[in-house]
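Structure record follows, encoded as structure tokens.
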Amino acid sequence: MIAEPVRRILEIGTAPLMREAYPDTTVHWSTGMPADFRPQSERDNLVTLRALPRLARALSSSDYDLVVVQPATVAPWHLDALSRALFRRSALRGVVPFGRYFGPLMIRGKVTAPIALWDNDDSSLILRHNVSLLDRATLFFKRELPPDHWRVFTATLHPKLPTPRFRMKQKNQQRVGKLRPVSLGVPLGLDRSAIARPLPDDQKTSDVFFAGRVQGSSTVRERGLPELLALRDKGYRIDIPDKGLSFEEYLARCARAWLVWSPEGYGYDCFRNYEASLCGSVPVLNRQTLDRYKPLRDGEHCFYYDVESGGLTQTLEWALKDKQRLSAMAQAARAFVLAEHTTGALARYVAETTLAYADLQRSVLQSNR
């Protein structure tokens, strides 16, 4: 057995994602709120204005094999960033967390190691202030990556849908060539928790479970909810809570259901797909609109349905006819998610893919000399 090479990683972002795969060699620079910062070792740092020079020195050093950055949704120069920093209770105590917005932008300076951007945002766009980060990056991993990758620049880098002229420019082709899909995956640490566990089939108490925002969310949910309610009227056991649930109760009710309805919300890929699978239920999703990373497979791990009227009803009624099949699918989905969609598994994918691509680039440059 060949030992996995040691990866020395510097990560900038709200959560220490890379530490799930490389716990002893990841240095995390948190862009979260100071009140939430809980350092566990000397490898934990908080991005502040005062700490930026130290972060710049770390990035320019030869101490790391890889830099991973979670891009921000707000630019430091945007009014939202300033208002979020100033209009909060901590500002009364002299704590103004404005420096955290500059963390990702530090890669615009000197960086010695290859750079991976890991974007888990709901949006399918690359915001204008992050285009400069894309230019500096080796690869850009995006959760909500459209099948036509060019659409990430719609109304951001291009005023409308990117035109043939825009797409033919070499610089823009290089940008698109860096894009890679990544899943949202399991919430950080949930795969190690005892609260997300399947139940025996004889403890299933509902046919379909759904809990989530409908009003003010996607039209997919607004269109599908009446179909669920109609199935309840037909005698199916449909579990839709009439009030908010704790996370533990939400997972418990996932485990007690044969199927979990998982329609898209603000983004397509959501935690519910993977939470349901961990809990031993089979997720039911509207058909995909993304270029996804190792997606759940229809009829093996999950069911996909058409959003047109009657599509959800037809899929649910057909799926519930064979509980033995659902049991086997739930086991397969859980095993697949644990193997491919934990934060640790995704971190290894980001690291190894980026480093392999960087090696390829170096080889091409050397051969062209």
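The values are calculated or read from the model by the stated rules, or taken from the named source; none is laboratory data. Not measured: the values here are computed from a predicted model. Every residue, glycine as well, gets a Cβ built from its backbone with ideal geometry; the counts of neighbours run over all protein chains shown. Accessible surface is based on the protein model in full, side chains and every heavy atom, while ligands, DNA and RNA are left aside. Shrake-Rupley method; radii C 1.70, N 1.55, O 1.52, S 1.80 Å.
Points worth noting:
- Computed from backbone phi with θ = phi - 60° and the Karplus coefficients 6.51, -1.76 and 1.60, the 3J(HN,Hα) list for the range 314-328 is 4, 5, 5, 5, 5, 5, 6, 6, 10, 5, 5, 5, 4, 4, 5 Hz; x is used for glycine and proline.
- Per-atom-type breakdown for the chain gives carbon and sulfur 53% of the accessible area (1.4 Å probe, protein chains only).
- Taking label positions 7 Å along the Cα-Cβ direction at both Q366 and L161, the computed distance is 4.4 nm, reported to one decimal.
- For F209, the residues 5 or more places off, or on other chains, whose built amide H falls under 5 Å of its own are D239, L259, V260, W261.
- Pairwise label distance in nanometres, E249 with R325, each label 7 Å out on the Cα-Cβ vector: 3.4
- Proximal lysines relative to K321, as straight alpha-carbon distance under 19 Å, when same-chain residues fewer than 8 apart are discounted: K204, K234
- Integer Hz, Karplus 6.51/-1.76/1.60 couplings in order for the range 111-127, x for Gly and Pro: 9, 7, 8, x, 10, 10, 9, 10, 10, 9, 5, 5, 6, 8, 9, 9, 5
- Interchain or long-range residues, amide H under 5 Å from L179's placed H: F140
- With the simple spin-label model, which puts each label point 7 Å out from Cα in the Cβ direction, the I240 to M168 separation comes to 5.2 nm.
- Within straight-line reach of K142, meaning a Cα separation under 27 Å, sit the following lysines at least 8 residues removed in sequence or on another chain: K110, K160, K169, K171, K178, K294.
- Other-chain or far-sequence residues with amide H under 5 Å of I9's (modelled H): T26, V27, D65
- Each residue of the range 237-254 was assigned a 3J(HN,Hα) from its phi angle through the Karplus expression (A = 6.51, B = -1.76, C = 1.60, θ = phi - 60°), giving 8, 9, 9, 10, x, 9, 8, x, 10, 5, 4, 5, 5, 4, 5, 4, 6, 4 Hz with x at Gly and Pro.
- Across the chain, Cα-Cα pairs farther apart than 36 Å form 30% of the total.
- Per-peptide average of other Cβ atoms within 10 Å, ordering 171-178, 261-268, 285-292 highest first: 261-268, 285-292, 171-178
- Values of log10 I(q)/I(0), in the order q = 0.18, 0.23 Å⁻¹, for the range 266-369 under a Debye, Cα-only, solvent-free model: -0.89, -1.24
- Rolling a 1.4 Å probe over the protein heavy atoms gives the chain an accessible area of 49 Å² per residue.
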